[in-house]
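Written below as structure tokens is the structure these notes are about.
What follows draws every value from the coordinates through simple rules; no lab data is involved. Predicted, not measured: the structure shown is a model, and the values here were computed from it. Cβ: placed from backbone, ideal geometry, glycine included. Neighbour counts: every protein chain shown.
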Amino acid sequence: MNLGMVVYDHFRTFATSISYDLSLKLIRKFLSIKISLFVMSSSKKVTKIGVLTSGGDAPGMNAAIRAIVRTGIYYGMEMYGVMRGYSGMVENDIIKMDSRSVSNIIQRGGTILKTARCLEFLEPEGRKIAYDNLVKKGINGLVVIGGDGSFNGAQKFSNEFDIPCIGLPGTIDKDIAGTDFTIGFDTAVNTAVQAIDKIRDTMDAHDRLFIVEVMGRDAGYIALHSGIATGAENILIPERKTTLDQLISNLLEKEKRKKLVNLIVVTEGDEYGGANGVSKIIQDNLPNADIRICILGHIQRGGAPTCIDRYIASRMGYHAIECLMNGTHNVMVGIVNNKMQYTPLDSAVKAKQQISDEWMKIIKVLST
Ligand code: ADP
């Protein structure tokens, strides 16, 4: 073997070993990517889902629970109901659910899982206990039906722990961005309309000024929608400041025109202190007015959900499971312009829906 051949032979052995090493490395790398991908997708793959209702109850929550449980089971997942909102997570009150456990609830108000406000969940220690309880059951996905407070909790929880959360807007107040309607709003507003219609009959018979207080801590949507639907002369909502001068001069002007029947719909969270506060101010300024108050209160939370609430709850519930399956995590499922819309939980909480000038103009024009 001459020198040239020896060099060539060494080179070939070297090259072969390099390419062998290289290919081995490449294969290893490829396998490790595949493995990590597999691990990633399997660790993220949601197989056991917990569902809970949290914060204020709203008609239609049961329809949402039913849709979530049945869709999950349809796709081969194990479904769990967490009792009393985040309290059930902290106290390990979590029950297995099957298709039959959600039979005959679509038409019922309230929530079969019950709801609560949970102070422990506000603290990191409480959320850690909740997480450990989910891990014990192997629950690796969560659907939270509630309002903005509940989404705040879900957002924090999903940031701290590797459990994806999906939010469903369940609140009669409709004070959440990223959806045209929230579960429970339509029922609450229709309950308010039915009650105000009845009040109008008696109010009309006696030429009275009636102040009806409807629910809404920080949001005036129930007042706005029910007020427009019942022909209210004035609607007081937290989003729009009505000066007392405006209100009084409006009533004085109507008094002059002998328009004595006046309906004022006010939100409980109004700056003047709801119906009682507004009544006192009006009576001081219009001593002759025959004023009556009606606070509708909790009847707005109860009752069979309307068709719209059952429909949106079913649709949103179905899509909540789809989100958990396809990796669209930590979002709120909403419906905008009749299309599904997914809003990151923190954005759904921060941005509020706006009440446009157009609505205020409509109220003014139609009440003349
Ligand atoms: P809603 O969801 O109807 O707005 P709440 O504001 O009472 O009702 O919130 C429901 C629950 O969500 C609270 O009792 C608490 O357990 C949890 N929660 C609310 N805000 C937070 C927060 N900032 N951090 C952690 N958990 C929260």
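General remarks:
- Of the peptides 359-368, 226-235, 295-304, the order by per-residue mean of other Cβ atoms within 10 Å, starting with the highest, comes out as 226-235, 295-304, 359-368.
- For the chain, built as a Gaussian network whose Cα springs stay under 10 Å, the top-fluctuating residue of ASP57, ASP186, ASP346: ASP346
- Square roots of 5 times each gyration tensor eigenvalue, C-alpha, the chain, largest first, Å: 59, 23, 17
- Two-decimal ratio, region 103-193, of alpha-carbon radius of gyration to 2.2 N^0.38 Å: 1.22
- Only helices reaching 27 angstrom along their own axis (Cα) with mean Kyte-Doolittle hydropathy no lower than 0.0 count here, and for the DSSP H runs of the chain these are 3-44, 307-326.
- Extension gain, LEU366 to ALA205: 0.36 nm times the residue separation minus the Cα-Cα distance gives 55.8 nm.
- Sorting 280-292, 118-130 by average packing, meaning the other beta carbons within 10 Å per residue, from highest down gives 118-130, 280-292.
- Max mean-square fluctuation residue, GNM over the chain, Cα-Cα springs under 10 Å, options ALA64, ALA219, ALA205: ALA205
- Cα point-scatterer Debye curve for region 186-301, base-10 log of I(q)/I(0) at q = 0.13, 0.19, 0.23 Å⁻¹: -0.43, -0.94, -1.37
- Among the listed pairs LYS174/LYS259; LYS48/LYS114; LYS48/LYS156; LYS44/LYS137, those with a Cα-Cα distance over 26 Å are LYS174/LYS259.
- Calculated FRET efficiency, ASN92 to LYS45, Cβ-Cβ distance, R0 = 30 Å: about 0.80 to the nearest 0.05.
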